[in-house]
Amino acid sequence: MARSPAPSPRSRRSPWLWPTTLVAALAAFAVAIVPITRLGTGVTSAYSVIALLVFVCLLVLRAQHRRAESDVVRHGDETREREADAARRDTRWRSHVQHQAELVREEVEHLVKERLPAALARTEIPGPLHSPERLGEGVTDWFGRLLAEVAEAVDHREESQRLALVELASRVQTSAHRIQAAVTGLADRYPGDADLLETTMQVDHAATQQARHAQSLKVLCGEWPGQQWQKPLAMVDVVRAASGRIVAYKRVEVTGDPDVGVTPSVVEPLIHLLAELLANATEYSPPRTGVPVTVRTVQRGAVIEVDDGGLGMDEYRLAEAREIVSGSRLLGVGEVGEIPQTGFAVVGRFADRHGFQIDLGPSPYGGVRAVVLVPTGVLETLAPAGTTAPVPPVPQVPQVPQPTSAPDATGTAPERTASGDGPAADRQAAAQQPAASDAVSESAASESAATEPVASRSAAPGSAAAPAPDVSVPAARDASVHDASASGAPALPSRIGRRLPQRRSRRDEYAPAVEAAPTALTPPGTPEQAGDWMEQFFEGGRVVPTSDSVPYEGQDGSSSPTPDSPEGLT
Amino acid sequence: MSEPDGEYAASALRPYVITKGRSRPSRNTIGVETLLIAVDPPRDVPVSATREERALVRMCERLLSLVEAAAHLELPVSLVKVLASDLVDSGHLSARSGVPQAVLPDSQLLQEVLDGLRRLR
């Protein structure tokens with residue numbers, strides 16, 4: 001379009017027009033001069049002047065025309081130059097825009113393929129592909145804002161989901177624990193009923209598994225078990241406790257040193273972790289085979305090995321499982337797919353938190369062997385089984401007075417268990433004098449009867465025999481027992497635990513016991529009552545003749561004479 | 001054992017684990033009043049014996065009634081019955097039931113003691 005009008009001035013130029021005009025004018029002048037000369041010299045000279053003027057004018061006109069023409073040509077050139085320039089700029093702009101579009105397209109692709117998934121997975125978001133200078137500030141900013149908002153939304157939703165899951169899992173776990181507590185109490189209340197015991201065991205087993213699954217869910221949500229055990233537990237018992245949380249607990253066969261224990265803080269994590277490993281092992285072993293578990297001490301701690309007799313795992317799956325189990329890759333609740341991975345993910349989380357080294361490998365049994373290394377720092381050597389019980393001779397050192405060691409829930413324990421330097425000592429002194437004994441015994445009887453009817457009766461004969469040589473252990477035991485009863489523990493262990501030391505003491509110091517026994521009893525009023533009482537005393541601890549309603553008591557009473565009779569034997 | 005979110009308080013070792021699911025003792029002659037004593041000379045417990053079994057055998061080195069053993073073990077009596085009867089079966093414990101009548105004091109003697117006590121008052 002720029003070039004099309006350019007040739008027109010040239011084409012319109014007629015190069016022959018000006019010479020023709022001049023030649024024609026000269027010819028006309030020459031032709032006209034002949035007749036004019038005849039008219040006279042004046043006219044001729046006038047004509048000559050005019051003709052000359054015309055000629056000059058023509059020449060001037062021609063010169064002006066040529067100038068105008070050259071102007072036109074120059075302007076045309078300029079125009080063309082400008083047009084070419086504009087075209088160049090246009091081309092450049094187009095390529096720039098295309099380049100920008102390409103950059104943005106690449107950036108968007110990068111955003112969709114790399115950055116957005118990273119934002120959704122809450123991993124580290126990779127940087128933009130192109131710098132803001134190349135891409136333009138606005139674009140980069142908008143992409144950044146988009147990602148930030150996506151990440152925030154994901155975070156928010158995940159957190160609320162996590163909280164909801166944790167809350168629900170906690171409720172399930174709490175209800176499972178309530179079931180366990182209820183059935184435990186039930187079995188304690190009817191000790192003679194084997195059918196009931198069996199049923200409570202089944203219910204307890206189911207509830208224990210329920211609690212484990214709920215706790216797994218909590219762990220996968222990043223929450224840790226709230227449950228803490230107070231005492232160290234032997235490793236073999238940790239394995240047994242873990243086996244109690246799986247379906248096929250009877251198939252677990254544990255061997256190992258029974259006196260290696262773990263500190264209370266890792267008891268629950270270790271139990272749960274092993275329960276998950278045992279669950280996998282029993283699931284993948286043939287159904288009627290045992291699952292051998294070995295506990296052994298090594299230089300760096302203690303090792304628990306769990307073997308299964310399954311088919312094992314292929315290399316790829318084993319490598320993946322090892323990564324998960326060792327805690328080097330932590331899986332969240334949304335990332336565990338299949339059943340085995342749930343267990344492995346839980347195991348890995350515990351390993352990561354508590355520093356257990358866990359590895360998987362092929363087992364000589366054909367399946368998978370899981371090896372848990374428990375570091376030395378959390379190991380404890382336990383007293384051999386049975387030595388903590390107050391059977392062997394115990395030093396005579398009186399224990400710290402009871403009330404300081406444990407808050408007394410029932411109000412009766414201090415008198416019963418404290419050694420000779422407490423109220424019991426006074427009681428003991430008072431018991432020697434019949435006059436004083438009445439009041440004391442009545443208060444003791446009413447006190448204990450008010451709190452624990454069964455315990456009071458069985459404990460009564462011993463209560464006065466408190467200054468026994470082996471009081472220290474019962475006192476310690478009572479402390480734990482009170483903790484338990486304060487937190488709603490079943491009363492049976494505390495009952496018996498409190499009663500026991502007294503009988504033992506009576507065996508060792510028989511004479512004071514005989515004198516002191518009446519303090520906790522209703523003193524004989526009539527000779528007949530006295531006779532009854534005496535008879536019962538020798539028969540055993542059946543102190544209140546009218547209350548045989550509790551079967552326990554009667555049986556217990558018949559066992560009580562044992563210290564008398566076997567005195568010679570032991 | 002305290003548990004923050006519930007009244008669940010028990011041992012980590014559940015009863016059914018301790019008895020491997022059995023609720024009935026292998027012999028029905030063992031009751032709460034049964035006296036247990038380790039055989040003399042003592043027999044070594046097998047390596048597979050649990051801590052409860054070891055403890056039971058050990059504490060029965062001196063005569064102990066089942067109910068007391070249960071208290072020391074801090075286990076329900078019915079569980080200890082199962083454990084004890086296993087150990088009796090395996091020959092580690094022997095059980096004695098009841099108290100022989102002959103050992104009980106003569107009622108004549110009792111009467112005399114009672115009379116004596118009354119005179120003291």
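What follows is calculated from the coordinates using simple rules that are stated; it is not laboratory data. Quantities reported herein were computed from a predicted structural model and do not represent experimental measurements. Every residue, glycine as well, gets a Cβ built from its backbone with ideal geometry; the counts of neighbours run over all protein chains shown.
What net charge do the residues around A:Glu152 carry, taking every other residue with its C-beta under 15 Å from that of A:Glu152, with Lys and Arg at +1 and Asp and Glu at -1?
Working: positive: A:Arg115, A:Arg122, A:Arg145, A:Arg157; negative: A:Glu149, A:Asp155, A:Glu158, A:Glu159.
Overall, the nearby charge balance is 0.
If you add up the charges near B:Val47, with Lys and Arg at +1 and Asp and Glu at -1, over every other residue whose beta carbon is less than 14 angstrom from its beta carbon, what do you get?
Working: positive: A:Arg296, B:Arg43, B:Arg51, B:Arg54; negative: A:Glu253, A:Asp257, A:Asp259, B:Asp44, B:Glu53.
Combined, the nearby Lys, Arg, Asp and Glu give -1.
Let me know the charge dipole size of segment A:137-202 about its Cα centre in debye, to the nearest 20, where only the beta-carbon of Lys, Arg (+1) and Asp, Glu (-1) is charged. Working shown, then result.
Numbers: 6 positive and 12 negative charges, 59 e Å.
In total the dipole reaches around 280 debye.
From a point 7 Å beyond the Cα of A:Glu152 in the direction of its Cβ, which residues of segment A:128-143 have a backbone N at a distance under 20 Å?
A:128, A:138-143
Between A:Arg122 and B:Ser48, what is the spin-label point distance in nm, taking each point 7 Å from the Cα along the Cα→C-beta axis?
Rounded to a tenth, the inter-label distance reads 4.7 nm.
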